[in-house]
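Where a number appears in this text, it was derived from the coordinates with a stated rule and is not lab data. Nothing here was measured: the structure is a model prediction, and the numbers come from that model. Counting neighbours? That spans all protein chains shown, and the Cβs are built from the backbone with ideal geometry, glycine included.
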Amino acid sequence: MDHMEEKILSIIDAHADELQALADDIFHHAEQGYHEYRTAQLVADYLKKLGLKTREGLAITGVKAAIGKGTGPNVALIGELDAVSCPTHPDASDKGYAHACGHYAQITCMLGAALALSDPEVAASLDGTATIFAVPAEEFQDASVREEVRRTHDVHCAGGKCELLRRGEFDDVDLAVTTHSLMVGREEGIDLMLGNSACTGFIGKTVYMHGRAAHAAAAPHLGANALNAACLGMSALGMVRETFEEKDCVRVHPYIRKGGEAINVVPSEVIVDMMVRANTQEAIEKVSAKVDNCFKGAAMAIGCQAEIVDCQGYMPCPERLPEDILWDTAKLLGDQVKVASIPAGRCNTASTDVGDLFAVMPVLNFTFGGSTGDLHSKDYKVSDPNAAHILPAKMMALLAYRLLKNGAAEARKIVDGYQAPYTMEQYKDYVKKMSD
Ligand SMILES: [Zn+2]
């Protein structure tokens, strides 16, 4: 371990109580995606206290600050600001949001990394830039929220990272470091899981089923029942599921946002929202076309019209097994820390807008333990605050330092070795096509 690595660890240890208090504060003030005003303010205040210059209000609530020389590779250290809708969680906010996906811990970890890296001696040792980047809205939002933020803030993308990419806020970033609460490996007591499994991507789909209202008892023959058509569409979807191929990791999960108008009226408008997920863009498109046919056919059968609106979701994530720098960095945290690699060949059927970062740049990821209970459930809680907050802060800070020390050789190696599926311009064109 070199002097700077020792210093990074000792700075974080010396401020562990302060970071734990921040974690507790953010955890107990969970906020919805694109509405994380309080959390964003907390982040900005902390970064300013460290003497950093912040850019705020990026895609509504994003906050960014740069540490380092301003030349050489730019490594973004990402923390997600949003919580998940989980009204039954014991720590849910008045609006029903809770940090049941552990994003508050990412913010703590990112701030711990900012604390250590902004030390003047450490900052001077970086041959590049570490961009501290708190990003909004990782969790996919309901169509009603997407419509609201588009109207009020000109936000085109459901995913915060997608929107920041669209706005050019990642144009100067070469490599991203992300982290998340552990998804697999909790039973084994893993502290740090290195790398990331492949994840599905998806599109958001809304079916507006238009029928005709009529007296539900006196004259149903004069109506066209949009609820019946929507239900038939979902039954058809169930029947085409046998054609989904295992290799594509398909998930389609609809829910009814609006079921009709009144108890005694034939429903004239029913709205069904869903996500159509698979592990390649081609598979997503193939399945999406089948889903459309289900609802169009059902509409025809009942005498309704299906208006189908697709919106940009997230891109699939490739599997990335851990490179040496992740293993070497984790080793600095001591033998008592239980480190593992993500299991190879696994598809995580959930999705993340980190997939959109992968579309244009390399991403290094690790996940951290210290929590129990399923993600997105009322049972999610922290069981070991050190493992959930302090250890990943050390990991992120050390990783940034090791990427950027010695002429940023490690960062350059990873950036040069990555073949991004899209250029930034191609990605922005794709967003434009999806969101116009
Ligand atoms: Zn999450």
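Once the GluC sites (Glu not before Pro) in DSSP loops with at most 12 neighbouring Cβ atoms within 10 Å are cut out of the chain, the longest remaining piece is 246-436.
When the square roots of the Cα gyration tensor eigenvalues are ordered a ≥ b ≥ c, the ratio a/c for region 1-99 is 1.5 or more and a/b does not exceed b/c, which makes its shape oblate. Per residue of the chain, the DSSP helices (runs of n ≥ 4 H) give a summed -39500 (n - 2.57) that works out to -11500 deg cm²/dmol at 222 nm. For region 202-314, the Cβ-based charge dipole about the Cα centre amounts to some 160 debye (Lys, Arg positive; Asp, Glu negative; other atoms uncharged). Near Val337: Cβ cut-off under 9 Å, other residues only, Lys/Arg at +1 and Asp/Glu at -1. The net charge is 0. With the biggest extent put first, the Cα atoms of region 202-314 measure 51, 24, 17 Å across the principal axes. Within the chain, the selection of entire DSSP H helices by a Cα span of 27 Å or greater along the long axis and an average Kyte-Doolittle value of at least 0.0 returns 281-302, 391-416. The calculated FRET efficiency for Gln426 paired with His215, based on their beta-carbon distance and R0 = 45 Å, is about 0.25. Charges were assigned to the Cβ only: +1 to each Lys and Arg, -1 to each Asp and Glu. The resulting dipole of the chain about its Cα centre is roughly 940 debye. Amide H to amide H distances under 5 Å link Asp82 with Ala137, Glu138, where only residues 5 or more positions off or on other chains count and H is placed in the peptide plane. Across region 175-186, computed HN-Hα scalar couplings (Karplus, 6.51 cos²θ - 1.76 cosθ + 1.60, θ = phi - 60°) run 7, 10, 10, 10, 8, 7, 4, 4, 9, 10, x, 5 Hz from first to last residue, x flagging Gly and Pro. Between Asp374 and Trp327, the modelled label-to-label distance comes to 3.4 nm, taking each label 7 Å out from Cα in the direction of the beta carbon.
For region 297-436, the number of Lys pairs separated by eight or more positions or lying on different chains, with C-alpha atoms closer than 22 Å, is 8. Projecting the Cα atoms of Leu232, Pro220, His210 onto the dipole axis of region 163-258, where Lys and Arg carry +1 and Asp and Glu carry -1 at the beta carbon, places Pro220 farthest toward the positive end.
Taking the convex hull of the alpha carbon positions in the chain and averaging its projected area over all directions gives 21.1 nm².
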